[in-house]
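The values are calculated or read from the model by the stated rules, or taken from the named source; none is laboratory data. Since the model is a prediction, treat every value here as computed from it, not as a measurement. With ideal geometry, Cβ positions are generated from the backbone for all residues, glycine too; neighbour counts draw on all protein chains shown. Ligands, DNA and RNA are stripped out before the accessible areas are found, and what is left, the full protein with its side chains, is counted by its heavy atoms. Shrake-Rupley method; radii C 1.70, N 1.55, O 1.52, S 1.80 Å.
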Amino acid sequence: MNTTILHETGWAGPPAAVEPRLLEEVRCDVVVIGGGAGGMSAAIRLAENGADVVLVEARTLGWGASGRNAGYITNSIAADPEMLKYLLKPDRLQSLYRYAHNAVLFAEDAIERHGIECGHVKTGIVMAAVTNGQLRRARRIADVLSESGAHAEFVDGREAGLPDGFLGGVREGVGGTVNPGEFVLGLRAATIAAGVRVYEYTPARDVHDTGDGVTVLTPGGSVHADRALLMTNADTGSLSIAPKNIATPAYTSLLETEPITPELLDEIGWTSRAPMVSLHMIIENHRVTPRGTVVFGTRRVEAGRNPLPDRAPSRAVITDLIRGFGERFPGLGDVRFQSVWGGWISMSSTWLPAAGEASRNVLYSQACNGHGFAQAQYVGHMLAEHAGGAPRHDDLDAIWHGDKRFWPGLVSNPVLYAGWLADRTADRLSALVGRTGTADHG
Ligand SMILES: Cc1cc2nc3c(=O)[nH]c(=O)nc-3n(C[C@H](O)[C@H](O)[C@H](O)COP(=O)(O)OP(=O)(O)OC[C@H]3O[C@@H](n4cnc5c(N)ncnc54)[C@H](O)[C@@H]3O)c2cc1C
């Protein structure tokens with residue numbers, strides 16, 4: 001196996017020049033902690049509204065999940081729609097899907113507004129079924145989503161131009177894909193151009209709410225501000241001001257093939273090149289990139305603890321991804337892999353996005369659960385408005401957690417492994433039924 005394990009990503013290189021570290025005491029109106037897509041989006045909005053903004057980032061802007069994800073702009077939320085229908089009132093569900101839909105529009109608009117070249121295509125995403133059980137579930141999910149006002153429809157695999165073995169699924173009517181590495185470089189440039197005072201390689205070590213303001217301590221200096229936004233995603237639990245049990249960090253990985261010829265992709269039936277996520281308990285994602293490679297990932301997720309270690313995908317995960325790719329795309333058996341990388345997501349105990357108050361002057365965003373590329377940006381923008389004194393937007397209200405406590409999450413390595421095992425067992429059973437010729441094609 002000659003695959004290169006990347007600590008950066010396969011998407012784009014680091015920024016050409018790094019912003020300074022904070023080596024003094026500074027004052028500002030609002031300090032944003034964490035420069036992912038969420039933190040940058042918040043900082044830009046605050047600056048546009050006339051605030052003096054400082055953004056402190058532990059590495060370089062976009063280094064976290066925002067620059068290393070699969071690049072799907074999706075109107076999905078992580079939690080299972082059927083379960084949500086069972087647990088939530090219809091109007092609550094509708095408001096969640098309205099929020100997710102508007103997040104897609106916001107992210108698409110940000111690409112236009114900031115003129116970011118990032119291979120953006122508006123294809124929609126297919127939640128694709130690889131077993132008959134998943135296909136039946138896809139029909140039910142399509143119903144729940146349409147009842148909840150989400151733009152989504154059931155599609156047949158062949159008609160939707162999905163690869164052989166993908167039977168059909170739910171096509172999201174909005175969204176698409178980007179190169180997230182290029183996107184964060186563009187958003188970083190927009191953040192700097194907006195007048196935000198950016199300090200890179202400047203981790204916040206501690207955040208104190210003094211009642212009349214906030215002090216953020218970093219290794220070389222400090223920031224005093226009226227308010228702070230905590231936009232640190234999976235690292236949030238490292239800061240003592242963060243709400244207890246806010247989320248469990250989980251490490252997810254992506255594998256990238258060498259470029260594949262268009263003829264070969266057509267041959268395996270992937271004529272639409274539609275980006276897909278599977279309907280497994282722990283999803284798989286499969287997409288063609290603008291450079292003709294296929295990025296394939298997730299499937300096996302590993303829980304972590306704060307403070308998070310610096311890490312790369314484990315051998316066990318890489319081996320599983322390669323095996324999974326072979327099972328999903330038998331027609332691409334000769335294709336080789338060029339790189340693999342991963343990143344931390346944060347999983348909330350409810351599997352729902354959340355935002356709220358860590359203390360009087362500190363607001364937080366936890367819009368991740370592996371689906372936050374567009375949502376983190378939108379939440380950052382809405383939190384910025386709110387921090388500036390505006391009433392909460394209806395879409396912020398849809399995910400508002402206020403200062404309530406979080407229940408401890410159930411996500412742990414044994415639970416994640418059980419999910420992976422259940423998915424593989426279902427795959428095997430389906431293959432067995434298929435071989436004995438009793439598959440049902442409905
Ligand atoms: C492999 C992978 C694939 C994914 N695929 C998708 C996808 O296709 N579509 C989708 O919607 N979502 C996807 N996600 C999730 C999505 O990337 C995240 O939900 C989203 O990017 C979160 O944005 P954020 O700004 O909240 O966090 P991040 O981008 O993680 O940014 C947080 C930033 O805070 C910084 N930081 C942390 N602690 C401190 C501190 N103490 N002081 C200063 N800075 C700090 C970090 O360095 C980081 O840059 C994926 C995630 C991963 C890892």
**Message:** So the check is Cβ under 6 Å with 6+ separation or different chains; which pairs have a first residue in region 232-253 that's closer than 21 Å to ARG68 by Cβ and a second one that's away from the ligand (no atom under 11 Å from the Cβ) and open to solvent by 30 Å² or more (accessible area, probe 1.4 Å)?
**Reply:** THR248/GLY409; TYR251/GLU302
**Message:** So, VAL196, is that one within 13 Å of the ligand (Cβ to nearest atom) and in contact (Cβ under 8 Å) with a residue 40 or more places away in the chain or not?
**Reply:** no
**Asked** Which residues, taken from region 263-281, are touching a helix residue (DSSP H, G or I) at 6+ places or on another chain (Cβ under 9 Å) and either within 13 Å of the ligand (Cβ to nearest atom) or polar (S, T, N, Q) (or both)?
**Response** THR271, SER278
**Request:** For region 282-319, enumerate the residues that are of a type outside the set (A, V, I, L, M) and in contact with a helix residue (DSSP H, G or I) (Cβ under 6 Å, 6 or more places away or on another chain).
**Result:** PHE296, ARG299, ARG300, ASN306, PRO307
**Message:** For region 140-157, give me each residue that is buried (at least 16 other Cβ atoms within 10 Å of the Cβ) and over 21 Å from LYS89 (Cα atoms).
**Reply:** PHE154, VAL155, GLY157
**Message:** Looking at SER359, SER365, SER346, SER314 in this structure, which one is touching a Cys at 6+ places or on another chain (Cβ under 9 Å) and either under 20 Å from VAL411 (Cα atoms) or at pLDDT 95 or above (or both)?
**Reply:** SER346
**Request:** Would you please list the contacts, defined by Cβ atoms under 8 Å and residues six or more apart or on different chains, that run from a residue in region 393-418 that is in contact (Cβ under 8 Å) with a residue 24 or more places away in the chain to a residue that is surrounded by fewer than 12 Cβ atoms within 10 Å (Cβ to Cβ) and in a loop (DSSP other than H, G, I, E, B)?
**Result:** ARG405/LYS244; PHE406/LYS244
**Request:** Would you mind listing the helices (runs of 4 or more DSSP H) fully within region 332-442 where at least 1 residues are open to solvent by less than 20 Å² (accessible area, probe 1.4 Å), touching a His at 6+ places or on another chain (Cβ under 6 Å) and more than 16 Å from the ligand (Cβ to nearest atom)?
**Result:** 413-435
**Message:** Can you list residue pairs whose Cβ atoms sit under 6 Å apart, with the first residue in region 295-324 being on the phi > 0 side of the Ramachandran plot and the second being open to solvent by 30 Å² or more (accessible area, probe 1.4 Å)? Count only pairs 6 or more apart in sequence or on different chains.
**Reply:** THR298/ILE283
